[in-house]
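Peer 1: What follows is a structure written as structure tokens; I'll ask about it next.
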Amino acid sequence: MTGRIYGLETEFGVLPVLESPEDIAKKVPSKGFTKNGGRYYVCVSGNHPEYATPECASVRDLVKYDKTGEVIAQALSPKLELYKNNLGYRGEETFGCHENYLVKKEIFNEEKLAPLIPFLVTRQIFAGAGWVEFYSDGEMKYNLSQRAQKMTEEFSTGTSAATNRAIVHLKGEPHTTIGERLHLILGDSNMSEIATYLKVGTTSLVLDMIEDGTLEEKIRLEDPLRALRNISEDQSRRWIGRRDDGKTISAIDIQRMYLERAMEYKGVDDETDDILARWERTLDLLERKDFTALSRQVDWVAKKGLVDICANDERKVEVDKLRSIDLMYSAIDKEESLFYALQDQGCMDRIVSDEEIKEATFTPPRDTRAWCRGNLVGKRIITSIDWEEVDTKYGYVSLDDPFNQYEKKLKRVLTLHNLKRTNTFKKERG
């Protein structure tokens, strides 16, 4: 894939009552920025703790720092029960997992990004987190995506109000002058490392094609929002959508159209080849309905296996019990999480190791501007900070280019800091 910067923001579901923003701010000074270059804070709504990864230059790194966010959140909010999901207990409230992609300015408009829509609508077949929906008469339905029914527009510049949640979000808040930040809010939070890896990696490949001008818009959906919901709610798992010419097409076939064109990037680098191979294999498994193999990497399949076990073990399944299974799959506390119970038993495939995740808790990515930011946060010399700038006791540091590690600026500030500490020490020794 071409050079790109990635980021993920996770708003955690929470029990019991959330700590106040002031409580969290006391634990994480510097506006919530952490030593790994990310950020932990209370989201704009004030109802959920949120973790934003540092800027990452590879999808694998993004998976690692996304998982690190679970460790940081649990360490800083030990009194809270935190869940990496997107719906409240009964499904009314929604909270997001936001994907961020640095893209070229010339494609940051509805016309250029229109070919992205069918891909995003259908990627839930491997990226959905799954959820149990109940009706007033007690009937149950198992859906692919937690966010699908909450989207209200194809394109929008807003994220919070229920009337402007869009499949493609075009808010102009790039945090850099070298490109635009494409901010996608339709996706689910994933527990599976493979699901996150595929969700972001395949999306980046589609963006590569749009930027390179090689993706012709071969397909338009008649009603993308309806297709998004219908695919999620299709209990037959056939996932059929309707094109704008009235013909029908399956979500798998739509994904294969994108995959076929993306194969032109084979050989670019090892990560691209790995994503392409996993994408193709996942579509093959979905085509064959090999849910045993899929359960090792796709969240909605893994969770459904647990739901089915409960439903088969009891003649009359209690609604609250199934809701608890749904919720506890996404718990980030490894002692309570059903997902981590599966992972500990070797039932989930992985991208990164526990050792890498632990190290990334305190170490920023080495190949982005997060390296400079994270190292400065660790020294506690910051007077003000944001994603693209840091002001310290020893001078201002602009971090406009997310690909730049700003080694010289970091070295200058740390040299002044160390000199000040040395002089202070000498005076105290007197």
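Peer 1: Please go through region 113-194 and write out the trypsin sites (Lys or Arg not before Pro) that DSSP classes as loop and that have at most 16 other C-beta atoms within 10 Å. It would help to have the intermediate numbers written out before the result.
Peer 2: Working: sites: R123, K141, R147, K150, R165, K171, R181; in loops: R123, R147, R165, K171.
Filter output for region 113-194: K171.
Peer 1: Give the range of the longest stretch in the chain that excludes all GluC sites (Glu not before Pro) found in loop regions by DSSP and having at most 13 other beta-carbon atoms within 10 Å. List each step's numbers first, then the result.
Peer 2: Working: sites that count: E92, E139, E216, E217, E314, E318, E335, E336.
That gives 218-313 as the longest site-free run.
Peer 1: My understanding is that a pair violates if its Cα-Cα distance is over 18 Å; which of K35/K379; K64/K199; K105/K171; K31/K411 do that in this structure?
Peer 2: With Cα atoms farther than 18 Å apart: K31/K411.
Peer 1: Then there is this: Provide, in order from the shortest bin, the percent of all Cα-Cα pairs of region 208-359 in each 10 Å bin, continuing until the bin that contains the maximum pair distance.
Peer 2: Computed distribution, short to long bins: 9, 27, 32, 23, 8, 1.
Peer 1: Shape verdict for region 370-429, please, from the Cα gyration tensor: rounded (a/c under 1.5), prolate (a/b greater than b/c) or oblate.
Peer 2: Details: a/c = 2.88, a/b = 2.23, b/c = 1.29.
It comes out prolate by the Cα gyration axes.
Peer 1: Run lengths n ≥ 4 of DSSP H only: what is the helix-derived mean residue ellipticity at 222 nm for the chain, with -39500 (n - 2.57) per run over all residues, to the nearest 500?
Peer 2: Numbers: 16 runs with 176 residues, N = 430.
Only helices count here, giving -12500 deg cm²/dmol.
Peer 1: Could you pull out every residue, at least 5 positions away or on a different chain, whose amide H is within less than 5 Å of the one on T392? Hs are placed 1.01 Å off N in the peptide plane, and Pro or chain starts have none.
Peer 2: Hits under the 5 Å cutoff: T383, V397.
Peer 1: Work out how much length D333 to F155 would gain on full extension: take 0.36 nm times their residue separation and subtract the Cα-Cα distance, in nm to one decimal.
Peer 2: On the way: separation 178, 0.36 × 178 = 64.08 nm, distance 3.56 nm.
This chain segment gains 60.5 nm when fully extended.
Peer 1: Further question: Under the Kirkwood approximation applied to all pairs of distinct alpha-carbon atoms, what is the hydrodynamic radius of region 46-128 in Å?
Peer 2: Details: mean 1/r = 0.0638 Å⁻¹.
Here the Kirkwood hydrodynamic radius works out to 15.7 Å.
Peer 1: Enumerate the amide H contacts of E154 below 5 Å, restricted to partners 5 or more residues apart or on another chain; note that Pro and chain-start residues carry no placed amide H.
Peer 2: Counting only residues 5 or more places away or on other chains, the set is I167.
Peer 1: Out of residues 5 or more away from G96 or on other chains, whose amide H comes under 5 Å of its own, with H placed 1.01 Å from N in the peptide plane?
Peer 2: E11
Peer 1: On to the next question. Which is the longest stretch in the chain that no exposed loop site breaks, taking sites as chymotrypsin sites (Phe, Trp or Tyr not before Pro) with a DSSP loop state and at most 16 other Cβ atoms within 10 Å?
Peer 2: Numbers: sites that count: Y89, F108, Y135, F362, F403.
In short, 136-361.
Peer 1: To the nearest Å, what is the center-to-center distance of region 346-398 and region 244-304, using C-alpha atoms only?
Peer 2: Their Cα centres are 33 Å away from one another.
Peer 1: Right, something else. What distance in nm separates the simple spin-label points at E271 and E233, each placed 7 Å from Cα in the Cβ direction?
Peer 2: Those two pseudo-labels are separated by 3.8 nm.
Peer 1: For region 6-360, rounded, prolate or oblate, judged on the Cα gyration tensor with a ≥ b ≥ c (square roots of eigenvalues), a/c < 1.5 rounded, else prolate if a/b > b/c?
Peer 2: Details: a/c = 1.40, a/b = 1.09, b/c = 1.28.
Because its axes are fairly even, with a/c under 1.5, region 6-360 counts as rounded.
Peer 1: Another question about this same structure. If I stretch the segment between M140 and E264 completely, what's the gain in nm (0.36 nm per residue apart, minus their alpha carbon distance), one decimal? Each step should come with its number before you reach the end.
Peer 2: Details: separation 124, 0.36 × 124 = 44.64 nm, distance 4.28 nm.
Full extension from M140 to E264 adds 40.4 nm.
Peer 1: Which three lengths, in whole Å and largest first, does region 292-430 cover when its Cα atoms are put on their principal axes?
Peer 2: Principal axes ranked by extent give 78, 36, 25 Å for the Cα atoms.
Peer 1: Moving on. Report the calculated FRET efficiency for E318 and R226 (r = Cβ-Cβ distance, R0 = 45 Å), to the nearest 0.05. Don't skip to the answer; put the middle values down first.
Peer 2: On the way: r = 33 Å, r/R0 = 0.72.
Between E318 and R226 the formula returns 0.85.
Readers should treat all values here as calculations from the given coordinates under stated rules, not as data from a laboratory. Note that the coordinates shown come from a computational prediction; the quantities given were computed from them, not determined experimentally. A quick note on method: Cβ atoms are made from the backbone with ideal geometry, for glycine too, and the neighbour counts reach across all protein chains shown.
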